[in-house]
Structures are given as structure tokens and as C-alpha cells.
Amino acid sequence: MLDSRLRFFLHKCVALGQAKQLHAQLVVNRRDYLESILVHQTLHFTKDFSRNVVNYVKRILKVSTTSKSLDTFSWGCLVRFLSQHRKFQETVGLYIEMHNSGIPPSSHAMTSVLRACGKMENMIDGTSFHAQALKSGLCGCVYVQTGLVGLYSRLGYIEMAKKAFDDIAEKNTVSWNSLLHGYLESGNLDEARRVFDKIPAKDVVSWNLIISSYAKKGDMSNACSLFLAMPLKSPASWNILIGGYVNCREMKLARTYFDAMPQKNNVSWITMISGYTKSGDVQSAEELFRQMSKKDKLVYDAMIACYAQNGQQKDALKLFSQMLESNTCIQPDEITLSSVVAANSQLGDTSFGTWVESYITEHGIQIDDLLSTSLIDLYMKAGDFDKAFKLFNDLNKKDTVSYSAMIMGCGINGMATEANSLFREMIEKKIPPNQVTFTGLLSAYSHSGSVQEGYKCFNSMKDYNLEPSADHYGIMVDMLGRAGRLKEAYELIKSMPMQPNAGVWGALLLASGLHNNVEFGEIACSHCVELETDPSGYLSYLANIYTSVGRWDDARKVRATMEEKKLRKTLGCSWI
DNA sequence: TTAGGGTTAG
């Protein structure tokens, strides 16, 4: 009687608060064996990812006294939950924990962990899980077998995927689609086409896979004609097409299909918002964001990133605090925080690091490499080198971006030796430098006055197939100018393959001021005046140069010109 | 099995 009543409530249990109450009752009434239903229900009804739910279920699993078969089921539910919410690293971690506790895997756990390995391109763990699947007799299960096809397809081992596929006695459409995915990923479109034609019951996913491969390649004419030809379209079909146009920066076409789409979901809205983000159209992104009725965490993430990436850092932080205050119980995660940290870092609010640190600890957020990279940037700018280097050394995989963040930080702080050794390290590891890397490296040499090293570095850019940008020239001019080599700096500007910008001429003007050189000061200033709408700062700087060499009349003339044009010296100028 | 959110400069 008690059992059936508890079971009834368990099946009604949808929220974490209720789950906790019910669990207490199960313990009091010694009905521990019903825990697995509780775990299943709680996870099943948790639509959005919730760290609290994960922690709660983990606690139950750790103290659970239920039998092995129930354990297998409950752990499998949690492993699947993590995988469904794209927490792939954690999925693998939890699976290993389960395995180490001597709990045999369920087919759910196995398919989830195989999927996670595929998504993370983790072949080493993937093959060892394959071995475990064989050992625990799960390889006769079509879902697990299909999971293996998916794993090897994703990792580019198409032969192994084909072998796993051939081993399946009763193939379902998902098995076929996984193989199709493999051929598409490996770029073998002919074989993919043959597989597609052979699928006995093509479903909407089969079509979507083919369309998606064209859309990813940027071949929108084929993507679109297939889209129009498919018998039944799902929201994913529309989103794939819209995403394809977004990738080609064809925002107008993307918008046309978005507007025509019968059933938009959050993916559609986010695809559009992030498209506008990349094309710098914050206003359109904002409009869509405002129109949305049910905003989930990913929508907030997209909009925060939109502000952060387009120079509206304060708006990013405002939206973040709204997200924290909102009654929708949306919890920020490492993805939200990476944008928020970046926004603070650009604003120069380096004290934010302390706040984030405590937030991360309190909420059990997993620091991944991308969040680490934005924290590295923040700490380097704050001059907290120990913390930055610690985070950098702890990265799972150091890449161009993380190295560049470090080198950039060294550049800002004039640490040329450190910048140089980081650069050498990344070259040794065959990590390709990019424009940002060289901006950091050059500014390190510039700040430390190492002209010779700077030149060498600047000239070496072509060895990495990189063309120096106007900014790189600007740093070189600044470096040469500071060293008093004004003529050389001027020659360098004249040799530029692109139009020099105000930053480049500004650097020469600044250097002319440092060395009281009227000749180059005048040249530089005249170009700055041409290029900027408000030239008052430059003119005033030139007047100071005249004054410093005793040419009072010229100084007065320049100031009079400024008066005439009703120009007032603007306080502070970025390059001064 | 397919579709959505993040990190380095300016």
C-alpha cells in the first residue's frame, strides 16, 4: 500500500524541491529501492540543464544502498542527462566514476558515453569504451552498435564505422543515418549519396544530414534545392538552411527563410541572433531577442555574447545581471561566464576576477579551456601573472587563442622575454600564430624598446603566411619612433601596401613630440587631420611640439586655427 | 542520427 502510494507520488514528482521531500520519505520508510524511479523522474522532467539537479542526483547515487541492477539504471540516467546537455567531459568523467565503483554499464550509459567521445573527438577513451561494451555484452544491442557507428563516423574512421554498421543484425534508420553521417564527414559525397539512396526508410534526418553537409560547405544552391525537394520538413531542416545562409553572411536570405518558417524554435532564433552578432548588427539581434517569449539560457548566452563581441560591454553585463535576477531560474555556466569575463576584461574591471572565482566555486561550475582563456586575459591585464600562468599551464589543450592571450598580456606589460619564449614554444608545438599573436609579440618588443627583435618579428610574419595589418605597422612605427628613428618610421609608413590609418600617423606624431621633431610632426599631423572628424587633439599636440622648440608663432597659429574652427581640445586622446 | 550559446587585438 505504502509502496503504491509512494510510486504514485514518484511518478508525479517533477521538481527538485519535490524530489528532495520525497527522497526523505523514501529513506524514513526504508524504501531505498524506489530511489531509481526518483532519479529517473527528476532527470526526465528537468528540461534545462541544472547544476543543482546534477549535484543532488550524484549525492543520492553515492549513498545509495539499492541493488546493482537499479544502480546501473540510475547512473545510466545521469550519464545520459549530462550527454544530452552537452556536458561531454563530465559525461565521460561520470561514466569512469561509475565503472570504478564496480557498477556495470547500461545501454543508455554506453550510448551516451560513446556519443560524448565522438563529440569531443576522443578516440582513446572511445575505443576503450568499445572494448567495455564488448566485455559487458552490450554489443548485441542495436542502440550501442549504432552508437559505435556514430563514434567512428565522427572521428573519421569510416572503415571502422562501416564494420560496426555491417555487424548490426537489424539495422534501423538511425543506424543508416549514422553511416551516412560518416561518409559525409569524411568528405566522400559519392559514397554518401549511394548510402542515402540505399536507406530503406529515409526519414527527415537522412535528408537533413545531406542538406547540412552542403550548407556547411557553403554550397547553398544545392542545399536549397534539396530542402525544397524533401517530402517533409522538420524545424531542424529550416534551421540548417538558415544556419547555412548565416555562415555565408547572407543575412537577408537567412531572414527570409526565418520569417517564412512555420514553427520557429529557440534554435531558429539563436541562429539568427548569432548571425547578426557576427555581422555586427546588434540592433537586429536585440529586436529578435526582445520579441522572444520563452528565453532559455542559450538565448541569453547568445545575446550577452553579441554585446560583448560588438563593443557593448556594459550592455553585456547589464543583461547578465538581468539573467541572474530573472525568476526563470536560469543558471549561468562556463559558456555564459566566458563572455562575461571577456566583457569585464575589455572594460578594464580586473577586480571582477575575484567575483567570478567565488561564483565558480559556489556554483560548482566546470572551468573549461575557453573560460580559462578569458580568465587568463583578465589576469594578465590585471598584472596577476601567477594566476594567469597557473591557468595557462593547467589548460587541457593550448591553442592559438590561449597562446595569443598570454603573449598579448606580456605585450601590454612589456614582458618581451616571456612573450618571446611563449612564441617559440607555440612554434615548436606546431600551433600556428595569427594576427593577434603578432600584435602581442610586436607590442612586447615595442614596450621594451627591442627594435632589432621587433624588426625580425615583423619580417617573419610572412613565414607564417600572415600579412602585416595596419595595426602591426602602427606598432612598428611606434617602436621606431620611440627609439628616435623617425625617418625610418616615416619610410615604413610610405611602404605600406594599404592606406595608413590615423593610428599609424598618430604613432608618428607622438614620437615626433617625444623627440621635438617639427618636420615629421607636421607631416603626421596633417594626415591625422585628414583622417579624423575631430582633429583637435592632434592639432593641440602639434602646437605643443612648436612650443617645445620655441616656435611660439607657429604654435599660436595652430591654436588660432583650432579657435576658428571652434575646435576644443578634447580631453585625453586614445593614442596620447 | 540532424539544427542553437563561449575565449585572444582593434
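The values are calculated or read from the model by the stated rules, or taken from the named source; none is laboratory data. The structure presented is a predicted model; accordingly, all values stated were derived computationally and were not measured. In this analysis, Cβ positions are derived from the backbone assuming ideal geometry, glycine residues included, and neighbour counts consider all displayed protein chains. Side chains included, ligands, DNA and RNA excluded: accessible areas come from the protein's heavy atoms. Shrake-Rupley method; radii C 1.70, N 1.55, O 1.52, S 1.80 Å.
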Where residues in segment A:488-515 are over 18 Å from A:Gly454 (Cβ atoms) and part of a helix (DSSP H, G or I), which of them is most open to solvent (accessible area, probe 1.4 Å)? A:Lys494
Out of (1) open to solvent by less than 80 Å² (accessible area, probe 1.4 Å); (2) within 13 Å of DNA strand B (Cβ to nearest atom); (3) of a type in the set (A, V, I, L, M, F, W, C), the odd one out for A:Leu232 is which? (1)
Meets criteria (assigned to a helix (DSSP H, G or I), within 25 Å of A:Lys20 (Cα to Cα) and within 24 Å of the chain's Cα centre (by Cα)) for A:Leu38: no
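From the list A:Gly474, A:Gly503, which one is at pLDDT below 95, in contact with a helix residue (DSSP H, G or I) (Cβ under 9 Å, 6 or more places away or on another chain) and within 21 Å of A:Met408 (Cβ to Cβ)? Explain how you work it out, then say what you get.
Values: A:Gly474 fails: at pLDDT below 95.
Only one candidate qualifies: A:Gly503.
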Exactly one of A:Tyr546, A:Tyr538 is farther than 23 Å from A:Ile475 by Cα, part of a helix (DSSP H, G or I) and aromatic (Phe, Trp, Tyr), and that residue is A:Tyr546
For segment A:143-150, indicate whether the set of residues that are more than 13 Å from DNA strand B (Cβ to nearest atom) and either touching a strand residue (DSSP E or B) at 6+ places or on another chain (Cβ under 6 Å) or assigned to a helix (DSSP H, G or I) (or both) is non-empty. no
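Can you pull out the residues in segment A:272-317 that are among the polar types (S, T, N, Q) and near DNA strand B (Cβ under 7 Å from one of its atoms)? Even if it seems obvious, please write down each step before you answer.
Initially, segment A:272-317 is screened for residues among the polar types (S, T, N, Q), giving A:274, A:277, A:279, A:283-284, A:291, A:293, A:309-310, A:312-313.
Hits for segment A:272-317 are A:Ser274, A:Thr277, A:Gln309.
For segment A:142-172, enumerate the residues that are of a type in the set (A, V, I, L, M, F, W, C), more than 30 Å from the chain's Cα centre (by Cα) and open to solvent by less than 30 Å² (accessible area, probe 1.4 Å). Step through it out loud before you land on a result.
Step one: list which residues in segment A:142-172 are of a type in the set (A, V, I, L, M, F, W, C), which gives A:142, A:144, A:148-149, A:151, A:155, A:158, A:160-161, A:164-165, A:168-169.
Checking which are more than 30 Å from the chain's Cα centre (by Cα) leaves us with A:142, A:144, A:160, A:164-165, A:168-169.
Hits for segment A:142-172 are A:Val144, A:Ala164, A:Phe165, A:Ile168.
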Suppose the filter is small (Gly, Ala, Ser) and on the phi > 0 side of the Ramachandran plot; does A:Gly409 pass it? no
When residues of segment A:89-117 are filtered for being open to solvent by less than 30 Å² (accessible area, probe 1.4 Å), modelled with pLDDT of 90 or more and part of a helix (DSSP H, G or I), how many remain? 12
Select from segment A:278-297 the residues that are open to solvent by less than 50 Å² (accessible area, probe 1.4 Å) and within 14 Å of A:Ser268 (Cα to Cα) and list them in ascending order. A:Ala285, A:Leu288, A:Phe289, A:Met292, A:Asp296
Scan segment A:246-265 for residues that are within 19 Å of the chain's Cα centre (by Cα) and buried (at least 18 other Cβ atoms within 10 Å of the Cβ) and jot them down. A:Val246
Could you tell me whether any residue of segment A:234-254 is modelled with pLDDT under 95, within 24 Å of A:Asp203 (Cα to Cα) and hydrophobic (A, V, I, L, M, F, W, C)? no
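Would you check if there is a residue in segment A:304-311 being crowded, with 20+ Cβ neighbours inside 10 Å and of a type in the set (Gly, Ala, Ser)?
Of all residues in segment A:304-311, those crowded, with 20+ Cβ neighbours inside 10 Å come to A:304-308.
Next, only the ones that are of a type in the set (Gly, Ala, Ser) stay: A:305, A:308.
Among the residues of segment A:304-311, at least one is crowded, with 20+ Cβ neighbours inside 10 Å and of a type in the set (Gly, Ala, Ser), which makes the answer yes.
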Are any residues in segment A:312-332 loosely packed, with under 13 Cβ neighbours inside 10 Å and acidic (Asp, Glu), and if so, which ones? A:Glu325
Residues that are within 22 Å of the chain's Cα centre (by Cα), at least 3 per element: which helices (runs of 4 or more DSSP H) completely within segment A:355-458 meet that? A:369-382, A:385-393, A:400-412, A:435-448
Per the filter on segment A:318-354, residues part of a helix (DSSP H, G or I), within 11 Å of DNA strand B (Cβ to nearest atom) and closer than 20 Å to A:Lys297 by Cβ are A:Met323, A:Glu334, A:Ile335, A:Thr336, A:Leu337, A:Ser338, A:Ser339, A:Val340, A:Val341, A:Ala342, A:Ala343, A:Asn344
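Scan segment A:182-213 for residues that are open to solvent by 40 Å² or more (accessible area, probe 1.4 Å) and assigned to a helix (DSSP H, G or I) and jot them down. Please lay out each step first, then the result.
At the first step, the residues of segment A:182-213 found to be open to solvent by 40 Å² or more (accessible area, probe 1.4 Å) are A:185-191, A:193-194, A:197-198, A:200-205, A:207.
If the condition is that a residue be open to solvent by 40 Å² or more (accessible area, probe 1.4 Å) and assigned to a helix (DSSP H, G or I), then A:Glu185, A:Leu189, A:Asp190, A:Glu191, A:Arg193, A:Arg194, A:Asp197, A:Lys198, A:Val204, A:Val205, A:Trp207 are the ones that fit.
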Pick out the one residue from A:Leu179, A:Leu184, A:Leu155 that is modelled with pLDDT of 95 or more, among the aliphatic types (A, V, I, L, M) and at negative phi. A:Leu179
Take the residues in segment A:475-487 that are closer than 14 Å to A:Ser446 by Cβ and open to solvent by 60 Å² or more (accessible area, probe 1.4 Å), then tell me which one is farthest from the chain's Cα centre (by Cα). A:Arg485
Segment A:163-207 - residue that is within 19 Å of A:Ile240 (Cα to Cα) and among the basic types (Lys, Arg) and, of those, farthest from DNA strand B (Cβ to nearest atom): A:Arg193
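So, of the residues in segment A:375-397 that are open to solvent by 20 Å² or more (accessible area, probe 1.4 Å) and within 15 Å of A:Ser338 (Cα to Cα), which turns out to be farthest from DNA strand B (Cβ to nearest atom)? Steps first, please.
Here is the first cut: in segment A:375-397, the ones open to solvent by 20 Å² or more (accessible area, probe 1.4 Å) are A:377, A:381-387, A:389-391, A:393-394, A:396-397.
Then keep just the ones that are within 15 Å of A:Ser338 (Cα to Cα); that gives A:377, A:391.
Numbers: A:Asp377: 4, A:Leu391: 11 Å.
My answer is A:Leu391.
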Going by the structure shown, is A:Tyr300 assigned by TED's automatic domain parsing to the domain that holds A:Ala223 and open to solvent by less than 80 Å² (accessible area, probe 1.4 Å)? no
